[in-house]
Structure formats: structure tokens, C-alpha cells
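Readers should treat all values here as calculations from the given coordinates under stated rules, not as data from a laboratory. Since we're looking at a predicted model, the values are computed, not measured. Because the Cβ atoms are built from the backbone with ideal geometry, glycine has one as well, and the counts that use them run over all protein chains shown.
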Ligand code: SF4
């Protein structure tokens with residue numbers, strides 16, 4: 001008898017509705033949602049990426065439906081999506097402590 005793996009747990013938004021952005025995509029989920037961005041550009045150069053400073057710095061994209069979960073953490077090295085906007089100056093950094 002083979003044991004079936006449990007179905008993946010859905011992430012819910014603040015209203016207990018399932019998140020609309022697919023989080024199971026390998027790599028930048030915004031590329032699946034909005035399309036590819038300028039070639040050779042990374043999320044680390046985008047004005048939509050913000051840092052949350054805690055014991056280490058976590059990154060979130062303000063174009064995603066974010067939770068406090070690591071599942072919505074964003075990587076600076078991910079290829080940019082179509083909503084890429086060149087950041088001028090320092091990245092927005094919030095104190096998460
Ligand atoms: S390019 Fe900008 S808007 Fe697109 S996923 Fe990266 S940080 Fe978010």
C-alpha cells in the first residue's frame with residue numbers, strides 16, 4: 001500500500017482567501033504573474049524590493065501579496081519581472097524588530 005503525500009497547504013491572505021499569485025513556481029513568481037522584465041536586470045536593482053531588517057535582512061517585493069512567512073521572501077538575484085522600475089538611491093529598509 002502506497003502512502004499519498006498530503007496536498008500542499010494553501011497560503012491565505014488577511015481575509016482568509018487563497019493567495020492569487022502562484023507560490024509554487026520555481027524562481028520569481030512575479031515573472032509568472034506579470035511577465036518577463038528587462039533582460040539582465042535583477043530584483044535587487046528594482047525600486048519595488050524592500051528590506052526588512054531583523055537578525056538578518058529579509059526581502060519582500062511590494063508587488064506581491066506578502067505574508068510574514070518565508071514563503072513570500074523575495075530574492076535579490078531573481079530575474080526582473082515586467083513591473084521592474086530602476087531604483088534610484090538606497091533600497092527602502094524597514095526595522096522589523
Ligand atoms: S522586478 Fe521589481 S516588481 Fe518585479 S518581482 Fe522584482 S522586485 Fe518585484
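Summary of values
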{"quantity": "Residues located in the range 44-89, provided they are in contact (Cβ under 8 Å) with a residue 24 or more places away in the chain, touching a strand residue (DSSP E or B) at 6+ places or on another chain (Cβ under 6 Å), within 12 Å of the ligand (Cβ to nearest atom) and closer than 28 Å to residue 16 by Cα", "calculated": "48, 49, 50, 51, 61, 74"}
{"quantity": "Residue in the range 57-76 that is surrounded by fewer than 15 Cβ atoms within 10 Å (Cβ to Cβ), within 13 Å of the chain's Cα centre (by Cα) and over 22 Å from residue 12 (Cβ atoms) present", "calculated": "yes"}
